[in-house]
Every structure is written in structure tokens, then in C-alpha cells.
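Below: one structure, written as C-alpha cells.
Taken together, the values in this text are just the output of simple stated rules run on the coordinates, not laboratory data. Model, not experiment: these values are computed from the prediction. Neighbour counts are summed over all protein chains in view; Cβ atoms, including those assigned to glycine, are modelled from backbone coordinates with ideal geometry.
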Amino acid sequence: MKKYKLVIFMPSIEGGGVEKNLFIITNYLASKVKKAFVITVNDEFKNKFNKNIEIITPKKNIWKKFGRKIKYFICLINLIKIILNNKNISVFSFQANMYAIVICKLFGIKIITRSNSSPSGWSKNFIKLFIFQKILKSADKIIVNSQEFKYEMKKKFNVNAYCIYNPLDKKRIIKLSKEKVKYNFFDKNKNILKIINIGRYVDQKDQLTLLKALNLIKSKVNFKAVIMGRGIKKREMEIFIRKNNLYKNVKLLKFQNNPYKYLVKCNLFILTSIFEGLPNVLLEALTLKKIIISSNCPTGPKEILEYGKGGILFEMSDYKKLASNILHVSKNFKRLRKKVNFGFKSLKRFDSEENLNKYLYIVRKTLKV
């Protein structure tokens, strides 16, 4: 039996939750297969991959300053070049899956795709649904990261996806959380509610809902909040903070390679997304035993939080309900520890070794690497 080389396709590496899974899964698979390559534009993340993995980037890497679509185009050209030089490859796509599927099927190459976010965010009209259904069905295997996500793929596209939960390395998270923080925005006063949100400043993450909620309760609760990330919505958030005199209570903190040392100092984590896949940040917050308030968005939060047993859920963009939930947490902090303990115990489902072995099984069975 021929052994096929494995090509990991991830044009735009941006340092978020998807990327954490990319590094963990790719490094694990590379230790088990004949040879692994990564096609991307972002060469600054090379040190996140094992040394035996070949990183394929453009020779003149001016493209990383551009948007995703340009990065997709450049990396698709590189994918075609690799296929033309060596048909003895298989592809595992983490991004731009539709384009990658089309290219692979045109050249008779086997491909597995991993979908990272709910179809609610990228299939909003009939034409897209029809086209995506045809393309997705031609993939050799589609992996999703939650059972709800799997159900959505079947309902929207009539595709039988395979669910593998995100591999969670609790020991690493706890170890990194012990690093010292040079700048500590949070007051040491135990009576202050310390809130954190971690995510890109984009429409999907909807941090404006959090800011609106905090504005409603600023005279009722003694709090400080950090919103950590980067993105195109930063200016809009800064304007809201300034107009509503929240600058003493709310800090926008740039993206951090180690967010856990900040997360561990908080007692309340809030997720406001309007769609997800299986948000890593909720798993990380539970690992560090934080009280969680999360939007009940598709997909992942209610599955992680066991439909409210491991945290508090609210409807997407409902900032008034979110404000009410924050007030509830501030008054019932000790009683809510039961939810935290329940959520922490439920993390067994996301065991790193167990889920990485599932990836290896699917890759070997489907791609013959």
C-alpha cells in the first residue's frame, strides 16, 4: 500500500482558537505519518510547528498583510503546484475548505476538511446553501467539533460529518496561567467583580453587547473588565467606552500569546459570540474554574456548559439579559461555584490524547497516510 504525504492547508494563521487546534493536531499527526507539510502565508508561526514539518509559504511574503481572500488565492496556487509536482499526497484542510475541496477533486486528490464555525455564520442564502451542499458532499470526510455542529451539517447540507471534540491540554493551560502578569488592570480588592472576554474584535464575537451590558450596570456593581483581542471593531469599541465613561472600568488589551495568566486573575468569563464551532476559550475558562456567562449561539456553548448546568446561557445580543446575569453573579458568587465544579468535571469529554487518537484514526483510514 502506498503511503501518502499529508498536506495541511491553513492559508491565514491568526493566533485564535482555531489556530491552537491547528498546532496541536498538526504536530500530533506529523509524528505519526510519513511526511507532513503546512501551506500558509503566515511564516511568523513556524516555531509553533514541530521541526520535521515543512512550512510552505510564498517566497516574497508580502501577502500576510492582506485579507483572507488574497491569502486563500496565494495558498491555492501553492497547493496546485504541489499537486502537479507530486500526486502522491493527501490534504487536510482547516480553512478555505470549499476552494480546497474543488481543487483536490479536480486533480483526483483525497481531502479531509475540518469545519471550525457554525454554518449559521457562512451559509445565509439559498444559492450558497445549494453550492456548498454539492461541494461538501464531494469531500472524502468532514470533521466538525461539536454534536450540534454535526446536526447542523446534516440539516443544512445533508452531509454526514464526523464529530471530534477539540483536544484540551489542561496541564499546559494551568502551567501557563502561573506566569506573572507585568501589567495588572485588576484591583486586588476581593469585592470587585473581575470580568474578562477573549476573542477577535469582529462582528462574530459581538463584544459590543458586553459593553452595552456593562454600561447598564456600571452604577450597580463594582467591576473591572478586560476585553482581550485585536480586529477591525476596536475603534468602534473605543468610541463606545469613551462616550459612556467606561474607561476606568474597561480595558481593551491587545492579543496575548498567553491569555491564561490574565484569565486566572478573573472570576467571571463572558462570551458574547453570535456563532462559533466549539469555542476553546470556554474550555479554558472551565479548566481554570471560572464562572461563565455565554451566549447561547450556534454551535458549542450549550454543549460545553451542559445546557446551563456548567454555566449561565443567554440569548445572543440580548445585552439587557446579559446585564441581569452579571448582576446575578455579583450577588450569588458562592452559590454559583456548583456550576463551576460541574463544568470542570465535564471536561473529560475533551481529553487531548483521546481526541487526537480519533483524528489519527480518521486520517489513516480515509487518506491512507
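Every residue in segment 92-118 that is in a loop (DSSP other than H, G, I, E, B), surrounded by fewer than 24 Cβ atoms within 10 Å (Cβ to Cβ) and hydrophobic (A, V, I, L, M, F, W, C), please. Scanning segment 92-118 gives 96, 107, 109.
Within segment 119-156, the set of residues being in a loop (DSSP other than H, G, I, E, B) and touching a helix residue (DSSP H, G or I) at 6+ places or on another chain (Cβ under 6 Å) comprises 123, 138, 139, 140, 146.
Within segment 157-182, count every residue that is exposed (fewer than 13 other Cβ atoms within 10 Å of the Cβ) and in contact with a Lys or Arg (Cβ under 9 Å, 6 or more places away or on another chain).
Taking segment 157-182 as the starting set, the residues that turn out to be exposed (fewer than 13 other Cβ atoms within 10 Å of the Cβ) are 158, 160, 171, 175, 178-180, 182.
The next check asks that each one be in contact with a Lys or Arg (Cβ under 9 Å, 6 or more places away or on another chain); those that pass are 158, 160, 178-180.
Within segment 157-182, residues that are exposed (fewer than 13 other Cβ atoms within 10 Å of the Cβ) and in contact with a Lys or Arg (Cβ under 9 Å, 6 or more places away or on another chain) number 5.
For segment 37-56, the set of residues classified as out of contact with any strand residue (DSSP E or B) (no Cβ under 8 Å at 6 or more places or on another chain) and not charged (D, E, K, R) consists of 41, 42, 45, 47, 50, listed by residue number.
For beta carbons closer than 9 Å, sequence separation of 6+ or different chains, a first residue in segment 346-369 that is of a type in the set (Phe, Trp, Tyr) and a second that is in a helix (DSSP H, G or I) and buried (at least 16 other Cβ atoms within 10 Å of the Cβ), the qualifying pairs are 350/170; 350/283; 350/304; 359/25; 359/28; 359/29.
All conditions in (1) basic (Lys, Arg); (2) surrounded by fewer than 18 Cβ atoms within 10 Å (Cβ to Cβ); (3) closer than 26 Å to residue 165 by Cβ hold for residue 20, with the sole exception of (2). For segment 175-213, a residue qualifies if it is touching a Phe, Trp or Tyr at 6+ places or on another chain (Cβ under 9 Å) and aromatic (Phe, Trp, Tyr), and the qualifying residues are 185, 186. Which one is surrounded by the most Cβ atoms within 10 Å (Cβ to Cβ), of the residues in segment 320-355 that are touching a Phe, Trp or Tyr at 6+ places or on another chain (Cβ under 7 Å) and under 17 Å from residue 302 (Cα atoms)? Filtering segment 320-355 for residues that are touching a Phe, Trp or Tyr at 6+ places or on another chain (Cβ under 7 Å) and under 17 Å from residue 302 (Cα atoms), the one surrounded by the most Cβ atoms within 10 Å (Cβ to Cβ) comes out as 322.
Applying the condition of being within 20 Å of the chain's Cα centre (by Cα) and within 22 Å of residue 368 (Cα to Cα) to segment 28-78 and asking which residue is surrounded by the fewest Cβ atoms within 10 Å (Cβ to Cβ) yields 28. Within segment 231-272, the set of residues being under 25 Å from residue 289 (Cα atoms), crowded, with 16+ Cβ neighbours inside 10 Å and of a type in the set (Lys, Arg) comprises 251, 261, 265.
Can you pull out the residues in segment 203-252 that are among the aromatic types (Phe, Trp, Tyr) and either touching a strand residue (DSSP E or B) at 6+ places or on another chain (Cβ under 9 Å) or in contact (Cβ under 8 Å) with a residue 24 or more places away in the chain (or both)? Talk me through it step by step, then tell me what you get.
Of segment 203-252, the ones among the aromatic types (Phe, Trp, Tyr) are 223, 240, 247.
Within segment 203-252, 223, 240 meet the criteria.
Tallying residues that are among the acidic types (Asp, Glu) and either in contact (Cβ under 8 Å) with a residue 60 or more places away in the chain or part of a helix (DSSP H, G or I) (or both) within segment 162-202 yields 2.
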